[in-house]
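**Q** First, the structure itself, so that you have it in front of you.
The values are calculated or read from the model by the stated rules, or taken from the named source; none is laboratory data. These numbers were taken from a predicted model, which means no experiment stands behind them. Glycine also receives a Cβ, built like all others from the backbone with ideal geometry; neighbour counts cover every protein chain displayed.
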C-alpha cells in the first residue's frame, strides 16, 4: 500500500503552476468547497489563527476526497509542531519566518526522514495509513510526496538565501511580502522597487537550485508572478473574499426605504 501522492507536487513536477486558497476560518466545509471548485491546494493556518489539530484532520479529509492537498502553516515551536500536520496527512507544511541557514537546517532535520534528516518515525497515523504502508516505503514516499516549505519574509536570511535554497529536503521557498515589507521598513508598499527586487530574487534563486517557488498573489497579477518563476501561487483568502461580498451587498442593499405598492 502506498501513501497518497501530492497533487501539488505532481502538477509542479509536470511543469504546471499549482493554485492555492488560504483559509482563516475553522470550517472544514470551505476546504471541501475549494477542492470541489478545482484548487490544487488549501492553505490551513496554525500560525495566526486559533485553529486546532482536530480542524487540520477534518480539513485534510474534506480536501483529499477531491484530490486536493492541504498545506498547513505551522506555528514556530518544537519538532512536534512541525510533524503533526504531516502525520494528519497534510501534503505539506510551511514554516514561517525562517531567519538563517541554521534555522532552515533545523527544519530540514526534523521534517525529512533518512537519508536527508531525522524526522521522528511513527507510521501509525493517517499519512502512513495506520501502519499499512511498509515502513521502508513510508519513509521513502514521505520524503518524495510531502513538501516542506519555508517562508522568506524577513531581510535577515537574504545573505544566506543561496545556501538555504541548496538544502536537500527543503522543497519550496515561499516569499511573504507583508512581513517582509515591515522588516524592510516599508510596510505594505507593494509597488516599492525593493519589494519587487526581492520577490524576483527569491523566485530566481529557488528555481536556480531546483526548488519550487511560492508566493501570494491574485488572478490580476498571476501571469506576472508566473513570468518571474513562481510555480505555486496563493490566490486569496476566505475572509477577504467574503468581506468583499458582504461589503458590496450591504452598500447596494442597506438603508433602502420600503415601497408601498399602489
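**Q** Going through 179, 137 one at a time, which residue ends up being more than 20 Å from the chain's Cα centre (by Cα), surrounded by 14 or more Cβ atoms within 10 Å (Cβ to Cβ), assigned to a helix (DSSP H, G or I) and at pLDDT 95 or above? Explain how you work it out, then say what you get.
**A** Numbers: 179 fails: more than 20 Å from the chain's Cα centre (by Cα).
Step by step, each of 179, 137 is checked, and only 137 is more than 20 Å from the chain's Cα centre (by Cα), surrounded by 14 or more Cβ atoms within 10 Å (Cβ to Cβ), assigned to a helix (DSSP H, G or I) and at pLDDT 95 or above.
**Q** Would you list the helices (runs of 4 or more DSSP H) that sit entirely within segment 1-72 and hold 3 or more residues that are farther than 21 Å from residue 174 by Cα and modelled with pLDDT of 95 or more?
**A** Once the helices (runs of 4 or more DSSP H) in segment 1-72 are filtered for at least 3 residues that are farther than 21 Å from residue 174 by Cα and modelled with pLDDT of 95 or more, what remains is 28-37, 53-64.
**Q** From the list 79, 66, 16, 109, pick out the single residue that is within 23 Å of residue 239 (Cα to Cα) and surrounded by fewer than 22 Cβ atoms within 10 Å (Cβ to Cβ).
**A** Being within 23 Å of residue 239 (Cα to Cα) and surrounded by fewer than 22 Cβ atoms within 10 Å (Cβ to Cβ) holds for just one of 79, 66, 16, 109, which is 66.
**Q** A further question on this structure: Applying the selection to segment 170-192, what residues are under 13 Å from residue 94 (Cα atoms) and touching a helix residue (DSSP H, G or I) at 6+ places or on another chain (Cβ under 9 Å)?
**A** Taking segment 170-192 and keeping what is under 13 Å from residue 94 (Cα atoms), we get 170-176.
Of everything in segment 170-192, those that are under 13 Å from residue 94 (Cα atoms) and touching a helix residue (DSSP H, G or I) at 6+ places or on another chain (Cβ under 9 Å) turn out to be 170, 171, 172, 173, 174, 175.
**Q** Out of segment 19-48, which residues are over 12 Å from residue 237 (Cα atoms) and more than 16 Å from the chain's Cα centre (by Cα)?
**A** 26, 27, 28, 29, 32, 33, 36, 37, 38
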